[in-house]
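Heads up, the thing below is written out as structure tokens.
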Amino acid sequence: MTIETFLLIQKKGEPYTVLDVRGEYEWQSGHIEGAVHIPLGQVAVDVEQSVTDKQKKLIVYCAVGGRSAQAVDILTSIGYTDVHNLEGGFSVYQMHMM
């Protein structure tokens, strides 16, 4: 999912959940408001506690897109059906928010 598509979804008020799969230090340094934080290594174990609706739009990001692509694979393998990788990750998001 491009940053433009994500920002349009936000603007329209469509229902979604944002999942940040970066490490704790990265999360503490800044994150998308309202995001759920579950580091990549814990996604398979912890996501169902935080994101209970497996059909809800789930937008996953990391720093630039690599870890979130892995998380998308994990999430789809455990039954999440509307999962999207935010292309460029938090770095692109930050650039658009300046």
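The values are calculated or read from the model by the stated rules, or taken from the named source; none is laboratory data. Owing to the predicted nature of the structure, the values given are computational and were not obtained by experimental measurement. For neighbour counting, all protein chains shown are included, and Cβ atoms are generated from backbone atoms with ideal geometry for every residue, glycine included. SASA here: full protein model, heavy atoms, side chains in, ligands and nucleic acids out. Shrake-Rupley method; radii C 1.70, N 1.55, O 1.52, S 1.80 Å.
Contact order, relative form, for the chain: 32 percent (alpha carbon pairs under 8 Å, 6 or more residues apart, mean separation divided by residue count). Of the solvent-accessible surface of the chain, computed with a 1.4 Å probe and all protein chains present, 53% belongs to carbon and sulfur. Using a probe of 1.4 angstrom and keeping all protein chains present, the accessible surface of the stretch 29-90 works out to 48 square angstrom per residue.
For the chain, the dipole from Cβ point charges (+1 on Lys and Arg, -1 on Asp and Glu) about the Cα centre works out to 180 debye, to the nearest 20. Its residues counted as N, the chain yields a C-alpha radius of gyration over 2.2 N^0.38 Å of 0.97. Taking amide H as placed 1.01 Å from N in the peptide plane, residue 19 has its amide H under 5 Å from the amide H of 36, 59, 60, 61, each at least 5 places away in sequence or on another chain. Between residue 82 and 58, the built amide H atoms are under 5 Å apart, and every one of these is 5 or more places off in sequence or on another chain.
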